[in-house]
Amino acid sequence: MNKSARMEQIEVLRIKLEVLKREHRDLDEAIHALEERGSADMLTIRRLKKQKLALKDQIAVLEDRITPDIIA
């Protein structure tokens, strides 16, 4: 893969990363709003928290792909 194609791929990954981070923040805000309301369905909150954890895992994978390996 040439350098230009690699740079394009990294930019696409960065955009995907930002989208996932935004979704993660939105879920966090939704969870807090439901918890503060007090009448929230615990099953719904649990599902949202699972989604949030899955997003966190996807974010970590993308960050690892973007960050070059550095041999110390």
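Just checking, which of ARG6, ARG14 is of a type in the set (Lys, Arg), loosely packed, with under 12 Cβ neighbours inside 10 Å and within 19 Å of ARG65 (Cα to Cα)?
Details: ARG14 fails: loosely packed, with under 12 Cβ neighbours inside 10 Å.
When all the criteria are applied, what remains is ARG6.
Filter the range 1-12 down to the residues that are without any contact (Cβ under 8 Å) to a residue 40 or more places away in the chain, of a type in the set (A, V, I, L, M) and not in a loop (DSSP other than H, G, I, E, B) and list them by number. Working first, answer last.
At the first step, the residues of the range 1-12 found to be without any contact (Cβ under 8 Å) to a residue 40 or more places away in the chain are 1-9, 11-12.
Subsequent filtering for residues that are of a type in the set (A, V, I, L, M) retains 1, 5, 7, 12.
Across the range 1-12, the qualifying residues are ALA5, MET7, VAL12.
Every residue in the range 13-61 that is of a type in the set (Gly, Ala, Ser), on the phi < 0 side of the Ramachandran plot and not in a helix (DSSP H, G or I), please. Spell out how you get there, then give the answer.
First, the residues of the range 13-61 that are of a type in the set (Gly, Ala, Ser): 30, 33, 38-40, 54, 60.
If we keep only those that are on the phi < 0 side of the Ramachandran plot as well, we get 30, 33, 39-40, 54, 60.
Answer for the range 13-61, where residues must be of a type in the set (Gly, Ala, Ser), on the phi < 0 side of the Ramachandran plot and not in a helix (DSSP H, G or I): SER39, ALA40.
How many residues, within the range 26-53, are surrounded by 13 or more Cβ atoms within 10 Å (Cβ to Cβ) and β-branched (Val, Ile, Thr)?
2
Where a number appears in this text, it was derived from the coordinates with a stated rule and is not lab data. Keep in mind that this is a model prediction, so the values were computed, not measured. Note that each Cβ is placed from the backbone with ideal geometry, even for glycine, and that neighbours are counted across all protein chains shown.
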